[in-house]
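Heads up, the thing below is written out as structure tokens.
The values are calculated or read from the model by the stated rules, or taken from the named source; none is laboratory data. Remember, predicted model here, so these are calculated numbers, not experimental data. Please note: Cβ atoms are built from the backbone with ideal geometry, for glycine as well, and neighbour counts cover all protein chains shown.
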Amino acid sequence: MFSKTIIELKYSNTNTYLIKGKKGSLLFDTGWAGTFPQLCRALGENKLKLQDISYLLISHFHPDHMGIAQEIANSGVTIVAADVQAEFIHSSDHIFAKEKDSDFVPIDDSSIRLVKVSESRSFLAELGISGEIIHTPGHSDDSISLWLEKERALFVGDLNPLYELDMHKGTQIEDSWSGLLKLDPKIVYYGHAMTAKLTGKGVQTKQKSDNADTYAMVKKIMKLIDKGCDDVTIQQKTGADKVFIQDVARMYLTHQNVSVQGILDRIEIKGK
């Protein structure tokens, strides 16, 4: 499913990707604060190092997507932010400030290169990447998506998955997806959901749990996520299907105050 130019780095509850261009590379999103060592390990497992990263692009400045941004920047990587994100770069600082044992390092504004969305094609061309950065509000006002023209691939962060569109009629989420679908994408990389291949009829990814006590399973997964456990650890502790865990994690992390039943309802909609 992945092209040679796209490398998935598995090290946190947030899906992050390294996109290799002919002249440089772009890291899309990061994990929560405290996951920097895991990132380095994931790079090593792919025979890569931090010095192989030219820029870091963040889909939106929520804690689970920008938690180690400055640590990465301290290693020589430049953080690139779209102009529509300028006012949101420090929007999560107060969340980490409440955590007494947080390893969070606030972003140093001097580490940032601001790029206008309208000029993003030129920026990506510097890396030998054909595509653009697109403003896709809905999950948050600062949400952006990355479009790779050659691969016909979209990286959408926490923009709600296509299988949930019926729940968001008449909203910014629907408007953002309407614009993205005009590009005729063939594959979508989500921040927390499983990567999806698209056809003319939509996403060809369905997941339904047959566990007789699904409610208790979802509740247990949520508690383990709160403890900072990754997908592998959660799978070891619960025995749940990996894709099911990823679905629960995405819905829990992207829907504020969502209940166990709310997650179950969304999983049912996805499985239809």
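Is there a residue being free of Cβ contacts under 8 Å to residues at least 12 places away in the same chain, more than 28 Å from residue 256 (Cβ to Cβ) and more than 14 Å from the chain's Cα centre (by Cα) anywhere in region 28-42? Steps first, answer last, please.
First, pick out the residues of region 28-42 that are free of Cβ contacts under 8 Å to residues at least 12 places away in the same chain: 37, 40.
Checking the rest, the ones that are also more than 28 Å from residue 256 (Cβ to Cβ) come to 37, 40.
Retained after the next criterion (residues that are more than 14 Å from the chain's Cα centre (by Cα)): 37, 40.
Checked region 28-42: at least one residue is free of Cβ contacts under 8 Å to residues at least 12 places away in the same chain, more than 28 Å from residue 256 (Cβ to Cβ) and more than 14 Å from the chain's Cα centre (by Cα).
Looking only at region 1-31, count every residue that is buried (at least 16 other Cβ atoms within 10 Å of the Cβ), within 30 Å of residue 97 (Cα to Cα) and in contact with a Phe, Trp or Tyr (Cβ under 9 Å, 6 or more places away or on another chain) and tell me the total.
Going residue by residue through region 1-31, those that are buried (at least 16 other Cβ atoms within 10 Å of the Cβ) are 5-7, 9, 11-21, 24-31.
Those left that are additionally within 30 Å of residue 97 (Cα to Cα): 9, 11-18, 26-31.
In the following step, the residues that additionally are in contact with a Phe, Trp or Tyr (Cβ under 9 Å, 6 or more places away or on another chain) were identified as 9, 12-18, 26-31.
Residues meeting the conditions: 14.
Which condition does residue 128 not pass, out of (1) modelled with pLDDT of 95 or more; (2) part of a loop (DSSP other than H, G, I, E, B); (3) over 22 Å from residue 20 (Cβ atoms), if it passes all the others?
So the condition that residue 128 fails would be (3).
With a cut-off of at least 3 residues that are assigned by TED's automatic domain parsing to the domain that holds residue 31, in contact with a strand residue (DSSP E or B) (Cβ under 6 Å, 6 or more places away or on another chain) and modelled with pLDDT of 95 or more, name the helices (runs of 4 or more DSSP H) lying wholly within region 49-124. Reasoning before the result, please.
Working: elements: 63-66, 69-73, 93-97.
Here the list reads 69-73.
Quick check on my filter: what residues within region 8-48 are under 16 Å from residue 130 (Cα atoms) and either outside any strand (DSSP E or B) or basic (Lys, Arg) (or both)? Let's see the steps before the verdict.
Taking region 8-48 and keeping what is under 16 Å from residue 130 (Cα atoms), we get 18-28.
Correct list: 20, 21, 22, 23, 24.
For region 152-174, what are the residues that are surrounded by fewer than 20 Cβ atoms within 10 Å (Cβ to Cβ) and either closer than 17 Å to residue 4 by Cβ or free of Cβ contacts under 8 Å to residues at least 40 places away in the same chain (or both)?
Residues satisfying the conditions are 152, 165, 168, 169, 170, 171, 172, 174.
Quick check on residue 130: is it buried (at least 19 other Cβ atoms within 10 Å of the Cβ), under 16 Å from residue 28 (Cα atoms) and of a type in the set (S, T, N, Q)? Spell out how you get there, then give the answer.
On the way: buried (at least 19 other Cβ atoms within 10 Å of the Cβ): no; under 16 Å from residue 28 (Cα atoms): yes; of a type in the set (S, T, N, Q): yes.
Spelling it out, it is not the case that residue 130 is buried (at least 19 other Cβ atoms within 10 Å of the Cβ), under 16 Å from residue 28 (Cα atoms) and of a type in the set (S, T, N, Q).
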